[in-house]
Amino acid sequence: MSSLIIASNPDSDPLISGVVQAVCQASGPGIQVLDLEAEGFETVMSAAEWRAYHTAEPILDEHVRTHAGLVMAAETLVFVYPTRWFGPPARLVGWLQRVLVPGVGFVFDQDHRVRPNLASLRSLAGVTTYDRSRWEMASAGDGGRRLLLRALRLNAPRRVHTAWLGLYPGADPARFLTRVDDRIGRL
Amino acid sequence: MLVIHAHPSTESLTAHLLGRVLKGLAAGGHEAGTVDLYSDRPGDANDLSGVDAVVWVYPTWWSGPPAIVKSWIDQNWPASLPGVQAMIVVTTHGSPRWVNRVEGEVGRALILRGLRRSCRRHCRRRWIALYNLDRANRRAITSFADRVERTMARL
């Protein structure tokens, strides 16, 4: 089984690194980690990429092409990041916008409607640490969870398994890592 | 007022909408500064003191603002901005409104609910959005641009 972890850890938080390790252990062999900071993944879509978006060749960058290939082949996608301003860090937002273009993740049909294209995907999960209370996240809306388990999920097969794990301020990180290990292991 | 604009291309609909926003604001007698996140140097927009309204002009990609906007927010948006009494978003969506509802309207929640928490308590919110752009005709686009300009003039 091929699993892909997409991790963004802009402040090098050791807890996020610990989560990535726990996810790797729980997933077993056949796992690959994309550490967006270590790879120096470019956050911002360029003017050339924007112009290419609705053409037959929307990908211009080799780095993006490699990641797109990995996404299309993956059976499991796990996103790991610290929540900042109610959603993923900018680099992860940019990763989705640049990698998941027409032909990857989704396609346009003849009427220009979006159709799902993540045919190999069986499990989709997100693991995050929150910088605000559960109440604040609920009242403003959890942008990361919506983006991954609603917007991205629309492009997965109907029976995809999903999981969401969040660590709120004040909760015990050690217990959280155990929970991550257990839940990701059962995906 | 501060207008925050983000689009990689000057030939885009979003760039045209920025022009309409500024025209409308001028007609309404509002003084507005503009930050263009794609062409200004980082740091140009860091001074938010004295701003009483923020107008966001961007295309919606994957349910929210372009990553360059989130990057600016992550680096610049303060925990407290009590002078801001209006948050206004002008945006376009490729897909229909119902799809965006299902996806959770991430950009709308981020700016009008999340970032608004920094602003004055009874801060006004406006959401001015064109949906279904991928299949919209010229008339729908023009009438949206007219609506944007009218709304700005009347703020």
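The values are calculated or read from the model by the stated rules, or taken from the named source; none is laboratory data. Computed from a predicted structure; not experimentally measured. Heads up, the Cβs are rebuilt from the backbone with ideal geometry, glycines too, and the neighbour counts pull from every protein chain shown.
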Legend entry - Output for the stretch A:26-40, where each listed residue is surrounded by 14 or more Cβ atoms within 10 Å (Cβ to Cβ), out of contact with any strand residue (DSSP E or B) (no Cβ under 6 Å at 6 or more places or on another chain) and within 22 Å of A:ARG179 (Cβ to Cβ): A:ALA26
Inset, instruction - Look through B:SER39, B:SER9, B:SER49 and report the one residue that is polar (S, T, N, Q) and at pLDDT 95 or above. - result: B:SER9
Inset, instruction - For residues that are in a loop (DSSP other than H, G, I, E, B) and either in contact with a strand residue (DSSP E or B) (Cβ under 9 Å, 6 or more places away or on another chain) or modelled with pLDDT under 95 (or both), tally how many sit in the stretch A:121-132. - result: 4
Inset, instruction - From A:HIS54, A:HIS63, grab the single residue that is touching a Phe, Trp or Tyr at 6+ places or on another chain (Cβ under 7 Å) and either of a type outside the set (D, E, K, R) or modelled with pLDDT of 95 or more (or both). - result: A:HIS63
Inset, instruction - Considering only residues that are on the phi < 0 side of the Ramachandran plot and in contact with a Lys or Arg (Cβ under 8 Å, 6 or more places away or on another chain), look in the stretch A:137-158 and name the one that is surrounded by the most Cβ atoms within 10 Å (Cβ to Cβ). - result: A:ALA140
Inset, instruction - Output the residues belonging to the stretch A:14-51 that are within 14 Å of another protein chain (Cβ to nearest Cβ) and under 14 Å from A:VAL80 (Cα atoms). - result: A:LEU36, A:GLU37
Inset, instruction - Would you mind finding the one in B:SER143, B:SER118 that is over 26 Å from A:ARG115 (Cα atoms), within 14 Å of chain A (Cβ to nearest Cβ) and out of contact with any strand residue (DSSP E or B) (no Cβ under 9 Å at 6 or more places or on another chain)? - result: B:SER118
Legend entry - Index of the failed condition, B:GLN85 passing every other in (1) touching a Cys at 6+ places or on another chain (Cβ under 9 Å); (2) farther than 18 Å from B:HIS5 by Cβ; (3) within 14 Å of chain A (Cβ to nearest Cβ): (3)
Inset, instruction - Only residues in the stretch A:19-41 that are within 11 Å of A:ILE6 (Cα to Cα) and at pLDDT below 95 count as the first member; pair them with residues that are of a type in the set (S, T, N, Q) and part of a helix (DSSP H, G or I), Cβ under 8 angstrom, at least 6 apart or cross-chain, and list the lot. - result: none
Legend entry - Top-ranked residue of the stretch A:41-95 - restricted to ones that are more than 12 Å from the chain's Cα centre (by Cα) and of a type in the set (Lys, Arg), ranked as surrounded by the most Cβ atoms within 10 Å (Cβ to Cβ): A:ARG84
Inset, instruction - Exactly one condition in (1) more than 8 Å from chain B (Cβ to nearest Cβ); (2) out of contact with any Cys (no Cβ under 9 Å at 6 or more places or on another chain) is not met by A:LEU96; state its number. - result: (1)
Inset, instruction - Scan the stretch B:87-101 for residues that are more than 14 Å from the chain's Cα centre (by Cα) and surrounded by 15 or more Cβ atoms within 10 Å (Cβ to Cβ) and jot them down. - result: B:GLY94, B:SER95, B:PRO96, B:VAL99, B:ASN100
Inset, instruction - Only residues that are closer than 14 Å to A:HIS67 by Cβ and among the aromatic types (Phe, Trp, Tyr): list them for the stretch A:87-120, please. - result: A:TRP95
Inset, instruction - Among the candidates B:ARG150, B:ARG116, B:ARG108, B:ARG121, single out the residue that is part of a helix (DSSP H, G or I) and either surrounded by 22 or more Cβ atoms within 10 Å (Cβ to Cβ) or without any contact (Cβ under 8 Å) to a residue 24 or more places away in the chain (or both). - result: B:ARG108
Legend entry - Conditions (1) touching a Gly at 6+ places or on another chain (Cβ under 9 Å); (2) closer than 29 Å to B:ASN132 by Cα; (3) basic (Lys, Arg): number failed by A:ARG113: (1)
